[in-house]
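The values are calculated or read from the model by the stated rules, or taken from the named source; none is laboratory data. All of these numbers come straight from a predicted model, not from anything done at the bench. Counting neighbours? That spans all protein chains shown, and the Cβs are built from the backbone with ideal geometry, glycine included. Accessible surface areas use protein heavy atoms only, side chains included; no ligands, DNA or RNA. Shrake-Rupley method; radii C 1.70, N 1.55, O 1.52, S 1.80 Å.
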Amino acid sequence: MSEPLLSPFVSRFGPWCVVAGASEGLGAAFADELGRRGVNLCLVARRQPELEALSKTLIAKYGVEVHPIVLDLASPTAADTLDRATRELDVGLLVFNACAAHIGTFISTPTDTLDSICAVNVHTMANVARRFAPRLSARHSGGIVLMSSMAGFHGHALAVAYAASKAFTTVLGEGLWAELEPLGIRVRVCAAGATTTPNFLAATPAAKRRLSM
């Protein structure tokens, strides 16, 4: 029996996609849309119950394979762990949606919170991209999507470190586009505005949510 024909999207960006920060919000929305298009999914997040629930939902809705990977992306070894966990899969797309955020003055931001923002939004994101770019380059196809923010276009009071980290995301993506596009790899940065995701609601005091919008 011949193999089923793949859609142009799956042929270019499948058969597997890694979505980091996938348990809720925009990450879950990315996963749902990719599953709808027939791409198998590696879903990465810290919270196992939410990750497994989403995995079961996507399998039932779209019949794709889904591998949940429980991983703290603030860990200094997160990029290596994710690379090893997906090494046997033909990954055609990386969506790095994970982020750490904090609303408050810079001088009142706890040191461990600042470290987490820098770890997830800068160190791990760059190192995950570094692990997957050679794999995509060997295929001469595929893509990388980095979730940035409109906050990264300028200094942002009450979100100083977060905004700075998103400026890094945007500039990193622009540089990767210039280097990788000629190799057949599409790189895109999504600079989202304020979106009522669970992460936004948790990080933003109620009195400031309307102003953010």
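Some notes on this structure:
- Average projected area [Cα convex hull, segment 95-197], square nanometres: 6.4
- Note on residue 157 and residue 126: with the Förster distance fixed at 25 Å, the Cβ-Cβ geometry gives a FRET efficiency of about 0.45.
- 1.4 Å probe accessible area per residue over the chain, in Å²: 51
- Sorting 144, 107 by accessible area puts them as 107, 144; the probe is 1.4 Å, largest comes first, and only protein heavy atoms count.
- Sulfur and carbon atoms: percent of accessible area, segment 1-50 [1.4 Å]: 58
- Sorting 46, 188, 139 by accessible area puts them as 46, 188, 139; the probe is 1.4 Å, largest comes first, and only protein heavy atoms count.
- Value of D in µm² per second that Stokes-Einstein yields for segment 40-134, Kirkwood Rh from Cα pairs, at 25 °C (0.890 mPa s): 168
- Among the listed values (1) 18; (2) 59; (3) 13, the one matching percent of Cα pairs over 31 Å apart as calculated from this structure is (1).
- Fraction of C-alpha pairs exceeding 21 angstrom in segment 1-69: 19 percent, rounded to a whole number.
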